[in-house]
Amino acid sequence: MDFDVKKEVKDFYGNIAKNVEVEEQATCSCCKKPSRAERLYAGQNLEDIPKEAVTASLGCSNPLVFAEIKEGETILDLGSGGGIDVLMASKYVGKSGKIYGLDMTDEMLELANKNKEKMGAENVEFIKGYIEDIPLADETLDAIISNCVINLSSDKQKVYDEAYRVLKQGGRVAIADVVSLKPVSEHIKKQAQLWASCISGAMPIEDYIKILEKSGFKNISIEPNHVYTKDIIDGLSFDKSLISEEELDEMNGAFAGAHIKAWK
């Protein structure tokens, strides 16, 4: 790979975090289009979630739909960003539960902590670290959630090895992630901006299952539920001059957002 994945991802999402509050201040709510989060979380109560957390959300699905979070559980969100999934999950675990948000980007952590204060969520803690090296003790979590983040890692096996380590026996992962449905050219895979946009790092479902199995997970299910059409890919934030029209056609239907669930 001709680029540093972590640096590209940090820069990409750090810039997004910096721009969130500026955009919220500059754009009136009456003329603003629905955000990605408002579409993905349609039907869920976002009214008590800070607008900055909603604006900063760049997920590919809503992991809370299938995570089956219960009151009193201890949960971790990998790559928590501006904190939308953490803050929403905090309502499910209640005062007797706890939810951590893990992120490597200082700007996102700063934004997430501001959102936590605005919401007054006392059962939430945002921590800095890498998803390949989770800074929590063995067997401390009931569940791990994540929303379109693990595909950003260049060492997905390490991510799931770590997830398995910190989960209690009987614990689960409930991950929304992008998977590959058909091969694309090496040129597409090597584009740093497409990696940061959750495309180039996506794996075929069969390879994803092998990684989960190698980590020790059981009862694995991976269900694609949102295929990325050409129009969706064209709407992602990357320099369109990096790929040809033919390559954009090649990417049509090659990726999908998926629900991934497995147990320890």
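The values are calculated or read from the model by the stated rules, or taken from the named source; none is laboratory data. Remember, it's a predicted structure, so these values are computed and weren't measured experimentally. No Cβ is skipped: glycine too gets one built from the backbone with ideal geometry, and neighbour counts run over all protein chains shown.
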Legend entry - Failed condition for LYS261, given (1) closer than 22 Å to ASP85 by Cβ; (2) among the basic types (Lys, Arg); (3) part of a loop (DSSP other than H, G, I, E, B): (3)
Legend entry - Answer from ALA143, ALA176, ALA112 - the residue that is touching a Cys at 6+ places or on another chain (Cβ under 6 Å) and small (Gly, Ala, Ser): ALA176
Inset, instruction - Test VAL179 against the criterion of being closer than 18 Å to PRO63 by Cβ, surrounded by 14 or more Cβ atoms within 10 Å (Cβ to Cβ) and in contact (Cβ under 8 Å) with a residue 60 or more places away in the chain, and give yes or no. - result: yes
Inset, instruction - Being hydrophobic (A, V, I, L, M, F, W, C), in contact with a strand residue (DSSP E or B) (Cβ under 7 Å, 6 or more places away or on another chain) and buried (at least 23 other Cβ atoms within 10 Å of the Cβ) is the filter here, so list the residues in segment 88-108 that pass it. - result: ALA89, ILE99, LEU102
Inset, instruction - Scan ILE144, ILE199 and give me the residue that is assigned to a loop (DSSP other than H, G, I, E, B), among the hydrophobic types (A, V, I, L, M, F, W, C) and surrounded by 19 or more Cβ atoms within 10 Å (Cβ to Cβ). - result: ILE199
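Kindly indicate whether any position in segment 164-176 is under 20 Å from ALA143 (Cβ atoms), in a helix (DSSP H, G or I), among the aromatic types (Phe, Trp, Tyr) and touching a residue at least 24 places away in the same chain (Cβ under 8 Å).
yes
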Legend entry - Checklist (1) over 16 Å from ALA143 (Cβ atoms); (2) assigned to a loop (DSSP other than H, G, I, E, B); (3) at pLDDT below 90 applied to GLU122, failing item: (3)
Inset, instruction - Scan segment 236-248 and give yes if some residue there is surrounded by 15 or more Cβ atoms within 10 Å (Cβ to Cβ), in contact with a Gly (Cβ under 7 Å, 6 or more places away or on another chain) and assigned to a loop (DSSP other than H, G, I, E, B), otherwise no. - result: no
Inset, instruction - For segment 202-223, state whether one or more residues are of a type in the set (S, T, N, Q), surrounded by fewer than 17 Cβ atoms within 10 Å (Cβ to Cβ), modelled with pLDDT of 80 or more and in contact with an Asp or Glu (Cβ under 8 Å, 6 or more places away or on another chain). - result: no
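Residue by residue, here is whether (1) aliphatic (A, V, I, L, M); (2) in contact with a Gly (Cβ under 9 Å, 6 or more places away or on another chain) holds:
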residue	(1), (2)
GLY120	no, no
GLU139	no, yes
ASP142	no, yes
ILE145	yes, no
ASP155	no, no
TYR164	no, yes
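Only one residue in VAL5, VAL22, VAL65, VAL9 is over 28 Å from HIS187 (Cα atoms), at pLDDT below 70 and of a type in the set (Val, Ile, Thr). Which one?
After ruling out the rest, the residue left standing is VAL22.
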Inset, instruction - Would you confirm whether any residue within segment 106-117 is under 15 Å from the mean Cα position of the chain (by Cα) and of a type in the set (Asp, Glu)? - result: no
Inset, instruction - Six or more apart or on different chains, Cβ under 7 Å: which pairs go from a residue in segment 64-87 that's free of Cβ contacts under 8 Å to residues at least 60 places away in the same chain and on the phi < 0 side of the Ramachandran plot to one that's crowded, with 24+ Cβ neighbours inside 10 Å and of a type in the set (Asp, Glu)? Could you list them? - result: SER80/ASP103; VAL86/ASP77
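To keep it simple, each residue is scored yes or no on (1) over 16 Å from the mean Cα position of the chain (by Cα); (2) basic (Lys, Arg); (3) at pLDDT 95 or above.
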{"residue": "ASP133", "(1), (2), (3)": "yes, no, yes"}
{"residue": "ASN151", "(1), (2), (3)": "no, no, no"}
{"residue": "VAL166", "(1), (2), (3)": "yes, no, yes"}
{"residue": "GLY170", "(1), (2), (3)": "yes, no, yes"}
{"residue": "GLN193", "(1), (2), (3)": "yes, no, no"}
{"residue": "ALA196", "(1), (2), (3)": "no, no, no"}
Inset, instruction - Being in a helix (DSSP H, G or I) and closer than 16 Å to ASP48 by Cα narrows it down to one of MET108, MET88, so name that one. - result: MET88
